[in-house]
Amino acid sequence: MHWRASLALILATALVVSCAARPEPADLRSSIQPDTAAEAVELEHRELRAEGLERRLRRATLRVRNRTCPGIGSGSAFAVHENALVTNRHVVEGAAAIEATTWDGQVFSTDVVATAVAGDLAFVGVSEPLPAVLNLGRSAAPGDEVTVVGYPGGRAITLTDGHVIDFVSGEVFMEPGMTMRLNAPIAPGSSGGPVVDSDGDVVAIIFAIERDTGHALAVPIETLQAVVDGAAVTVRPPAC
């Protein structure tokens, strides 16, 4: 839990990760035969869990719009604390004003709290509690199934499935450590969105599209954890 304590210091606020209650399965209809009841319960459990997970991902992932000297940009971000979002540094760099919006239209005025010294990562603070929080997961591996959540083109939120292709040196992308490549479709505006595993835990953060292949590129969770644990950030970078 060291990364959470470190993030709390960066945000100057106590870190309290909320946990959504697991929904209970609905009552089974009396027409279900005894020998199929267990299978029906398991199926309904999975369906309810999938619905609950998708709802949490939608609630915890926000559209970010920022006004900079050159103009207005957009990207995605996700909540790691009730008062903090993680996104890409390039999404918010030089922002004079930032606005984060939930999938159902709730608007939060935000402030860039810190950006990573090494790595395309930024922490954005909000004064009001965010509707949902995502947990940081374990390291992913090639072949793992993942889902990318974001706002491609700055439009409606999307959830796209794919799998981890491999990990390559981040040097060519001017990123520290390794870079995850995955085949889930993304578009401009997806930057800063979470890559999550089957439990809905964050395993990477989208930051670009590989020009030659069209593969999505993501900052692995290890880099985010290393940044937070090592406090490798600059606090409140100046606007343009």
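The values are calculated or read from the model by the stated rules, or taken from the named source; none is laboratory data. This structure is a prediction, so every number in the text was calculated from the model and none was measured. Every residue, glycine as well, gets a Cβ built from its backbone with ideal geometry; the counts of neighbours run over all protein chains shown.
A few comments on the model shown:
- Of all residues in the stretch 102-119 being surrounded by fewer than 16 Cβ atoms within 10 Å (Cβ to Cβ) and at pLDDT 90 or above, the one that is nearest to VAL227 (Cα to Cα): VAL107
- Single unsatisfied condition, PHE123 versus (1) assigned to a strand (DSSP E or B); (2) under 18 Å from GLU54 (Cα atoms); (3) not polar (S, T, N, Q): (2)
- Taking the criterion of being more than 16 Å from GLY75 (Cβ to Cβ), of a type in the set (D, E, K, R) and at pLDDT below 95, the only residue of the stretch 137-160 that qualifies is ARG138.
- The numbered conditions (1) among the aliphatic types (A, V, I, L, M); (2) surrounded by fewer than 16 Cβ atoms within 10 Å (Cβ to Cβ); (3) modelled with pLDDT of 90 or more are all true for ALA84 except (2).
- Taken residue by residue, the stretch 55-75 has at least one member that is under 15 Å from the mean Cα position of the chain (by Cα), among the basic types (Lys, Arg) and part of a strand (DSSP E or B).
- Answer residue from the stretch 169-180, given it is modelled with pLDDT under 95 and hydrophobic (A, V, I, L, M, F, W, C) and is surrounded by the most Cβ atoms within 10 Å (Cβ to Cβ) among those: MET178
- If you go through the stretch 127-140 and keep only what is among the aliphatic types (A, V, I, L, M) and under 12 Å from GLU222 (Cβ atoms), you end up with LEU136, ALA140.
- Qualifying position, being touching a Ser or Thr at 6+ places or on another chain (Cβ under 8 Å), loosely packed, with under 14 Cβ neighbours inside 10 Å, closer than 21 Å to GLY125 by Cβ and at pLDDT 55 or above, among ALA77, ALA96: ALA96
- Flag for VAL112 being over 17 Å from the mean Cα position of the chain (by Cα) and touching a residue at least 40 places away in the same chain (Cβ under 8 Å): no
- Pair list, Cβ < 6 Å and 6+ apart or interchain, from the stretch 145-158 residues that are farther than 19 Å from ARG181 by Cβ to residues that are in a strand (DSSP E or B): TYR151/ARG63; TYR151/SER76; GLY154/SER74
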